[in-house]
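What follows is one structure encoded as structure tokens, with my remarks underneath.
Since every read-out is calculated from the coordinates, none of them should be taken as a lab result. Computed from a prediction, not measured in an experiment: that's the story for all the values here. In this analysis, Cβ positions are derived from the backbone assuming ideal geometry, glycine residues included, and neighbour counts consider all displayed protein chains.
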Amino acid sequence: MINVFQPTLGDEELDAVRQVFAGNWLGHGPRTRTFEAEFAGHLGVDPQRMVFVNSGTTGLFLATELLGLGPGDDVVLPSISFVGAGNAVSVTGARPRFCDVDPRTLNPSAGDVARALTPRTKAVLVLHYGGYPGEIAGIAALCRERGVALIEDAACAVASSADGTGCGAFGDIAMWSFDAMKILVTGDGGMLYVRDPELADRARRLAYHGLEWHSGLAASARVPHRWWELNVQDFGRREIGNDVTAAIGSVQLRRLPGFVERRREIARAYDRLLAGADGIRLPPPLPDGHVTSHYFYWVQLDAGIRDQVAADLKERGVYTTFRYAPLHKVPIYRGDAELPGTEEAADTTLLLPLHQGLDDADVRTVADELRKAVEYRRDRGRT
């Protein structure tokens, strides 16, 4: 089976883990802090604003907690978002207000967000779909104008940027995911960025039992007399990353430019191999000044054949999928929002295999099998 997602791991990652084992400290420690600093350098922000946590979803939940969301608050987010975003908003008692997306880019415009704002809106939470930055600068300007916090779910956008600014650095809070299906992987793990220094300090406390980092279990070089006594400032949980996963992350971050370049080559090959194919719409071009991580490569087919084509490809050893299912259609969130762009995208979009482990023969196979499956289903529909 040619997989949609697949990590690239090797001897460098194993050597990094061996070094952690040799040091006999596996928990949150110096390698975690090094990875935080390296990732901050990658984004071009202050390392003190970065917190390595155990998942990107943890970052979403911490974001809603840091902003003090609760009953009576609205949060605007695109319906095409990861379920973790919907859960993180809803668990606070706040109400998700789903906005529409462009049916081709699957990202919301600033206008889509503006139309969903209410007098009770306290935050906007946007996803960079497939690594495309979208209208993030316009959305950030809108949020500043309205006095609304902006959360960036940059799970798909680890190397994406718009006009020289990295995705994640536009808003007030951002998070990235490093799970096993992402480009940069640590097995499980995520990074949280918090622009405000006091909120960043609180995020670090919340991620480790609410403890100040110089007290009790959270010992550091700056320990007072009777260092074992606890200074609990918040009711936190244990959500921090560790040195094993951070060591893998540091290696993966060094390899990231090569990963993204290979993904770019694959995307260009799909563009070339599928150009002019009847019934297959390719991803829209990026605006000038935008850079994508190439996390997804999506095609769009007639809604009447999309599911059948996916099943045909699976039988032929090519796995495809669609992410992310519209949240306004999920029973626990279901509302009365009318989102035509979202529904068109959800009915027509199919993600093709895209990862740096694909060789040129794999890419040709995917393109050939897709062409044949679409042609077959279109011919059947005409008879």
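Numerical summary
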quantity	calculated
Nearest 10 degrees, 0 to 90: helix 360-382 Cα axis against the chain principal axis	50
Total formal charge among the other residues, if their Cβ is under 15 angstrom from that of Pro326, Lys/Arg +1 and Asp/Glu -1	-3
Distance between region 337-352 and region 276-317 - C-alpha centres, whole angstrom	12
Nearest-ten-degree value, helix 136-146 long axis tilted from longest Cα axis of the chain	60
On Cα atoms only, tilt of 30-43 relative to the major axis of the chain in degrees	50
For region 216-331, alpha-carbon Rg and Dmax in angstrom	23.6, 74
Selection from Leu358, Gln48, Ala203 lying farthest towards where the dipole of the chain points positive, charges on Cβ	Ala203
Lys, Arg +1 and Asp, Glu -1 on Cβ, resulting dipole of region 295-340 about Cα centre, debye, nearest 20	180
Shape category assigned to region 257-382 from the gyration tensor of Cα positions, a/c cut at 1.5	oblate
Volume in Å³ per residue [convex hull over Cα atoms, computed for the chain]	140
Computed over region 25-135, the ratio Rg/Rh where both radii use C-alpha atoms and Rh is Kirkwood	1.03
Farthest positive-ward along the chain dipole, Cα basis, beta-carbon charges - from Ile2, Val185, Ser90	Ser90
Selected from Lys182, Lys122, Lys372 as most flexible by GNM, with the chain as the system and alpha-carbon contacts under 10 Å	Lys372
